[in-house]
Amino acid sequence: MNTYYIARDGQQTGPFQEAEVQRSIQSGHISPTDLCWREGMANWQPVASVFTLAATPPALPIGSSSLRTTPGRELQSAVGSTVVYAGFWRRAGAVIIDGLILLIPTQIVDALLTPWTGPMTAQIITWFFSLFGDSKEPFPTGTWLLFQFIALLTSMLTCFYFAAMQGRPRAATVGKMAVGSVVLNQDGKPLSFWMAFLREFVKNTLWSLTMGLAVVPAAFTKRKQALHDLMFSTIVVQRTSVSAER
C-alpha cells in the first residue's frame with residue numbers, strides 16, 4: 001500500500017497510509033492545498049491533484065443522542081493522527097454528571113435493601129471492634145458473603161445504565177454527551193451492549209480493589225486510557241474528532 005508524506009509551510013510530516021490521508025482530508029486536518037509526495041512521484045504535488053476530494057459532512061453537535069448519520073453509515077473513529085482523546089479531567093466531569101444522575105435511583109435501591117443490609121453492616125462492625133477487646137467475635141463469613149452479593153446486585157443498576165448508553169448506537173452516557181465524548185473500540189466502532197456492560201462491571205471492580213487508582217493511567221497514557229480501557233482495548237475520544245465512514 002502506498003505511503004505518503006505531507007508538507008505545509010515547509011514542514012514535512014509522515015509517512016501516512018493512504019487511508020489515513022483520506023480520513024485527515026475529510027476531517028480537515030489536511031488541506032487540499034497541502035503538498036504530498038510518495039515513492040514514484042517526481043515532485044511534490046497538491047493534495048487536491050492526487051486525491052479525490054469528497055464533500056466533508058458537518059461536525060455532529062455535542063450531545064447528539066445517536067452515532068448514526070444516514071442509513072447504513074456509522075461514525076467511526078479516525079484512529080490515527082486526527083483523533084482527539086478525552087483527557088483525565090473531561091472524563092472526570094462526565095463521571096460526576098453520571099453519578100448525579102444515578103444518585104436518586106441508587107439511593108432508592110439502598111433504602112429498599114436497608115432492612116437486610118442494616119443488620120449485616122452492624123454485625124460486621126461489631127466483629128471489627130471486637131478485635132480491639134478481650135472478647136473476639138468470629139468473623140461473620142456468611143454475612144460478609146451475603147453482603148457482597150447484595151452489593152454486586154446493586155452495582156448491576158449502574159452497569160445496565162452504562163451499557164444501555166455506551167453500547168450501540170449512542171456510545172456515550174449523558175455525562176459523556178455533556179462533555180462531547182464517545183467510547184469506541186480501537187477499530188473506531190461503538191461497543192456492543194454486553195461488551196459495554198462487562199467493561200463497566202470490570203471498571204467498578206477495579207475501582208473498588210484499587211480504591212480509585214485504576215483510573216490514574218488516563219492522566220498519562222498516550223491514548224488517555226484508564227486500566228479498564230487498556231484491558232478492553234477501548235478509547236474515549238472527542239465526538240468532533242471522529243469521521244463518518246462505511
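The values are calculated or read from the model by the stated rules, or taken from the named source; none is laboratory data. Everything numeric here is computed off the predicted structure, so don't read it as measured data. In this analysis, Cβ positions are derived from the backbone assuming ideal geometry, glycine residues included, and neighbour counts consider all displayed protein chains.
Against the condition surrounded by fewer than 15 Cβ atoms within 10 Å (Cβ to Cβ) and aliphatic (A, V, I, L, M), how does A178 come out, does it pass? Full working, then the answer.
Numbers: surrounded by fewer than 15 Cβ atoms within 10 Å (Cβ to Cβ): no; aliphatic (A, V, I, L, M): yes.
Judged against the criteria, A178 is not a match.
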For a quick check of your reading of the model, give me the residue pairs whose first member lies in segment 98-110 and is over 14 Å from V174 (Cβ atoms) and at pLDDT below 85, whose second is of a type outside the set (A, V, I, L, M, F, W, C) and surrounded by fewer than 11 Cβ atoms within 10 Å (Cβ to Cβ), with beta-carbon atoms closer than 9 Å and at least 6 apart or on different chains. none
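Against the condition basic (K, R) and modelled with pLDDT of 85 or more, how does K136 come out, does it pass? Give the derivation first.
On the way: basic (K, R): yes; modelled with pLDDT of 85 or more: no.
Answer is no for this residue.
Which residue out of P169, P138, P105 is over 27 Å from V236 (Cβ atoms), in the same structural domain as A94 (by TED's automatic domain parsing) and of a type outside the set (A, V, I, L, M, F, W, C)? Even if it seems obvious, please write down each step before you answer.
Details: P169 fails: over 27 Å from V236 (Cβ atoms); P105 fails: over 27 Å from V236 (Cβ atoms).
Testing whether each residue is over 27 Å from V236 (Cβ atoms), in the same structural domain as A94 (by TED's automatic domain parsing) and of a type outside the set (A, V, I, L, M, F, W, C) leaves just P138.
Return the residue satisfying two criteria in turn: it lies in segment 1-33 and is among the charged types (D, E, K, R) and surrounded by fewer than 19 Cβ atoms within 10 Å (Cβ to Cβ), and of such residues it is nearest to N43 (Cα to Cα). Outline the logic, then answer.
Of all residues in segment 1-33, those among the charged types (D, E, K, R) come to 8-9, 18, 20, 23.
Applying the additional criterion that residues be surrounded by fewer than 19 Cβ atoms within 10 Å (Cβ to Cβ) yields 8-9, 18.
Details: R8: 15, D9: 16, E18: 18 Å.
Taking the candidates together, the pick is R8.
Name the one entry in T82, T70, T52, T56 that is modelled with pLDDT under 80 and touching a His at 6+ places or on another chain (Cβ under 8 Å). Reasoning before the result, please.
Numbers: T70 fails: touching a His at 6+ places or on another chain (Cβ under 8 Å); T52 fails: touching a His at 6+ places or on another chain (Cβ under 8 Å); T56 fails: touching a His at 6+ places or on another chain (Cβ under 8 Å).
Sole residue among the options that is modelled with pLDDT under 80 and touching a His at 6+ places or on another chain (Cβ under 8 Å): T82.
Which one of these is of a type in the set (K, R) and in a helix (DSSP H, G or I): K189, K203? Can you show your working first?
Numbers: K189 fails: in a helix (DSSP H, G or I).
Residue meeting the stated conditions: K203.
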Failed condition for T221, given (1) closer than 12 Å to Y85 by Cβ; (2) at pLDDT 90 or above, with all others met? (2)
Could we say that P169 is more than 11 Å from the chain's Cα centre (by Cα), crowded, with 16+ Cβ neighbours inside 10 Å and either farther than 22 Å from W89 by Cα or not hydrophobic (A, V, I, L, M, F, W, C) (or both) here? no
